[in-house]
Amino acid sequence: MSTGVVSHASPYIIQQDYPAYTEEQHSVWAELVGHMLPELERHAAREYLDGFEIIGLQNDRLPNLASISARLAPRTGWNSTPVSGFLPAPAFFEMLATRRFPTTTWLRSRDSLEYTPEPDIFHDVFGHVPMHAHAVFADFLEHYGRVCASVADARVLEKLGRLFWYTVEFGVIRQRGEIKVYGSGLISSHGECRNVMDGHCAIREFALDEVVNTPVKVDELHKELFAVSSFDQIYEAMHEAERRASCNCL
Ligand SMILES: [Fe+2]
């Protein structure tokens, strides 16, 4: 793991001005958490709920990224790094490869609680960061960044993007015979989570070939997602994807 200067990403890295958050913003955060948490206590993967405790998320205050990173560091070495917004792919991959998760610091307003066109701190921290406390998931995510950072072929990158989408963003896992959510897009959206839990989305067994050949649709609720039986499966799938990308057979 490199700890040197991050060349592609450094222009996007900012400081989180924590004292600048208003009481109204803390109250919007509390409303978002209060809306999702009862659902997640029933339907989220155990590892997500464990991570929520480990990183010390608070229900009624916006997260301080430095505090979260301090709790993650001894666990997995991941860092929730504040960024100014959307990152170009090379910067994004470079950050993942060095265990820095690009984290937005803005929060949606009260009149758009359910949907934001771009990720905000609720999606990024509440949705993503608890899983970074899980060792296997943490290794998978770093490896994903390292592999993508080394790929130039747009077709291969699109396929790897689908692997990210159907795991990190919209992943589900089978635990004790039940489907549980762990992808941030499901964790941070009541509508997406209910779509799965109400049975409106077919759940297929995770298989690398199926996943990388299933196009992503961003403008509608999912009609099919892929369930793993353990997080080892995505770790192994990433190694298989790396082998295939290197021989141009992904
Ligand atoms: Fe995301």
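List of remarks:
- A dipole drawn for the chain from +1 and -1 charges on Cβ atoms has a positive end, and of Phe206, Ala237, Thr103 the residue lying farthest that way is Ala237.
- Point-charge dipole on Cβ atoms (K/R +1, D/E -1) for the chain, about Cα centre, debye to 20: 500 debye
- Hydrodynamic radius of the stretch 119-250 per Kirkwood, over alpha carbon pairs, in Å: 15.0 Å
- For the stretch 24-116, the equivalent ellipsoid derived from the Cα gyration tensor has semi-axes of 23, 18, 13 Å, listed largest first.
- All Cα-Cα distances of the stretch 9-69, cut into 5 Å bins from zero to the largest, leave 4, 15, 21, 22, 17, 12, 7, 1, 0 percent in each bin in turn.
- Annotation: amide H-H contacts under 5 Å for Phe101 (H modelled 1.01 Å from N, sequence separation of 5 or more, or interchain): Asn79, Ser80, Thr81.
- In nm, spacing of pseudo-spin labels at His190 and Arg46 (7 Å Cα→C-beta vector): 2.9 nm
- With 5 Å bins from 0: P(r) over the stretch 50-173, alpha-carbon pairs, percent: 2, 11, 20, 24, 21, 14, 6, 2, 0
- Loop GluC sites (Glu not before Pro), the stretch 206-243, which have at most 15 other Cβ atoms in a 10 Å radius of their Cβ (DSSP): Glu220
- Mean residue ellipticity, 222 nm, helices only, the chain: the sum of -39500 (n - 2.57) across DSSP H runs of n ≥ 4, divided by residue count and rounded to 500, is -12500 deg cm²/dmol.
- Between the alpha-carbon centres of the stretch 182-199 and the stretch 79-133 there is a gap of 18 Å.
- Charge dipole (the stretch 10-246, unit charges on Cβ, about Cα centre) - positive-most of Val151, Ser10, Thr167: Val151
- Average Cα contact separation per residue, the chain, under 8 Å, 6 or more apart, as relative contact order %: 19 percent
- For the stretch 192-234, alpha-carbon Rg over 2.2 N^0.38 Å: 1.20
- Karplus 3J(HN,Hα) series, Hz, for the stretch 57-68 with 6.51 cos²θ - 1.76 cosθ + 1.60 (x for Gly, Pro): 5, 9, 6, 10, 10, 4, x, 8, 5, 5, 5, 5
- Average projection area in nm² (convex hull over Cα atoms of the stretch 10-246, one quarter of hull surface): 12.0 nm²
- Neighbour cut-off at most 16 other Cβ (10 Å), DSSP loop, trypsin sites (Lys or Arg not before Pro), the stretch 37-133: Arg61, Arg75
We did not get these values from a lab; they are worked out from the coordinates using the rules stated. Worth saying up front: this structure is predicted, and the values here are computed from it rather than measured. Using ideal geometry, Cβ is built from the backbone for each residue, glycine included, and neighbour counts are taken over all protein chains shown.
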